[in-house]
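Peer 1: Input: one structure, supplied below.
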């Protein structure tokens, strides 16, 4: 929930509105992951700034207090 109104694609979302996302669309966004349909596990490997950024964006194993214990 955002504490203030947010404008998204020409629509104003009121403050304190509950929002969510679709995992399939998020993880196939070509802006976030170029060539999203390509198998590229190296996106997440290593300690490069890009790999760290990709890992921080991934929510495959959940987020917050409900995150998977097996996640790296």
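Peer 1: Using 0.36 nm per residue of separation minus the Cα-Cα distance, give me the extension gain between residue 56 and residue 24 in nm, one decimal.
Peer 2: Once the chain is fully extended between residue 56 and residue 24, it gains 9.9 nm.
Peer 1: Let me ask something else about it. Do the sum for the chain: with -39,500 (n - 2.57) for every DSSP H run of n ≥ 4, divided by all residues, what is the mean residue ellipticity at 222 nm, to the nearest 500 deg cm²/dmol?
Peer 2: -4500 deg cm²/dmol
Peer 1: Which value in nm describes the separation of the simple spin-label points at residue 2 and residue 31, placed 7 Å from the Cα toward the beta carbon?
Peer 2: So the two model labels end up 1.3 nm from each other.
Peer 1: Going by the alpha-carbon gyration tensor, a ≥ b ≥ c the square roots of its eigenvalues, is the range 24-72 rounded (a/c under 1.5) or, if a/c is not under 1.5, prolate (a/b greater than b/c) versus oblate?
Peer 2: Oblate.
Peer 1: Which of these, 17, 58, 38, has the largest mean-square fluctuation under a Gaussian network model of the chain (Cα springs below 10 Å)?
Peer 2: Greatest mean-square fluctuation among the candidates belongs to 17.
Peer 1: Out of 14, 41, 49, any idea which swings most in a Gaussian network model of the chain, alpha carbons joined below 10 Å?
Peer 2: Evaluated over the chain, the most mobile residue of the options is 14.
Read-outs throughout are calculated quantities, based only on the coordinates presented, and are distinct from any laboratory measurement. The shown structure was predicted, so the numbers you read here are calculated from the model rather than taken from an experiment. FYI the Cβ positions are ideal-geometry reconstructions off the backbone, even for glycines, and counts take in every protein chain you see.
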